[in-house]
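Let me begin by presenting the structure, written as structure tokens, before commenting on it.
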Amino acid sequence: MAVTVATENQQQTKALAPSFTERRLHGAATLRIIFGMIWSIVASFKFLPGFVHGQTLGKELGAAADIHTPVIHQWILLWHNVGTANPAAFAIGTGVIESLIALSLLTGAFSNVAFIGSAVFSFGIWSAAEGFHLPWTKPGITDLGPSVAYIFASLLLFVACAGGTWSADGWLRPRLARSVSVGCPASRRPSSPAELAG
């Protein structure tokens, strides 16, 4: 009888131990939170006086002078004109978008939307503000620009299901319609021996 109880306790302990999948999800969630912290720092820069008053916008959106590829040149000029038309609105709008991305990544709320949204927004920054880091033939070029890393980090977090645990999505998912996919399904394991037995 004692052997049977000991065996059952060992089986329950093994069932309650984190699985490889759960450890992987925890690792992805940790990276999601760190990425959210990075986004929050970047967002805070958008509210600094130099950016809000347009003092740095000429430099931030001035890549068109170096890029003569027709479509890309026009795209960069478009965003330069949008940004310089009302620098304060442009800066605050950018800061709000980046703050929402940071908040979503930190809390894990609507994580799939945040991952795809941050990838698209980062592509916008890479294409407009950074001008795809063109021309690639300029002397001393060493990389394609920092926004490329943001694009791939966002997509990798999406694929890794980084919103599957330690996230508000676990609370939101049952409260929203089944057709709304707010995040990856969380790995579910029994929380107690009684639940395991039941």
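The values are calculated or read from the model by the stated rules, or taken from the named source; none is laboratory data. Here the structure is a predicted model, which means the values were calculated and not measured. Glycine gets a Cβ as well: all are built from the backbone with ideal geometry, and neighbour counts include every protein chain shown. In case anyone asks, the SASA skips ligands and DNA or RNA and just uses the protein heavy atoms, side chains included. Shrake-Rupley method; radii C 1.70, N 1.55, O 1.52, S 1.80 Å.
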When you look at residue 126, is it among the aromatic types (Phe, Trp, Tyr), at pLDDT 90 or above, open to solvent by less than 50 Å² (accessible area, probe 1.4 Å) and closer than 20 Å to residue 56 by Cα, yes or no?
yes
Selected residue (criterion: nearest to residue 99 (Cα to Cα)) from residues of segment 129-157 that are surrounded by fewer than 17 Cβ atoms within 10 Å (Cβ to Cβ) and polar (S, T, N, Q):
142
Note down all Cβ pairs under 9 Å where the first residue falls in segment 98-126 and is acidic (Asp, Glu), the second is open to solvent by less than 40 Å² (accessible area, probe 1.4 Å) and in a helix (DSSP H, G or I), and they're at least six residues apart or on different chains.
98/39; 98/42; 98/43; 98/118
Cβ-Cβ below 6 Å, separation at least six or inter-chain, first residue in segment 63-90 and surrounded by 11 or more Cβ atoms within 10 Å (Cβ to Cβ), second of a type in the set (Phe, Trp, Tyr): which pairs?
83/90
Please verify whether segment 100-109 includes one or more residues that are more than 28 Å from residue 174 (Cβ to Cβ) and at pLDDT 90 or above.
no
Consider only pairs whose beta carbons are under 7 Å apart and that are at least six residues apart or on different chains; among these, list those whose first residue lies in segment 36-54 and is closer than 19 Å to residue 163 by Cβ and whose second residue is crowded, with 16+ Cβ neighbours inside 10 Å and β-branched (Val, Ile, Thr).
39/101
How many residues, within segment 156-166, are without any contact (Cβ under 8 Å) to a residue 60 or more places away in the chain and more than 13 Å from residue 105 (Cα to Cα)?
2
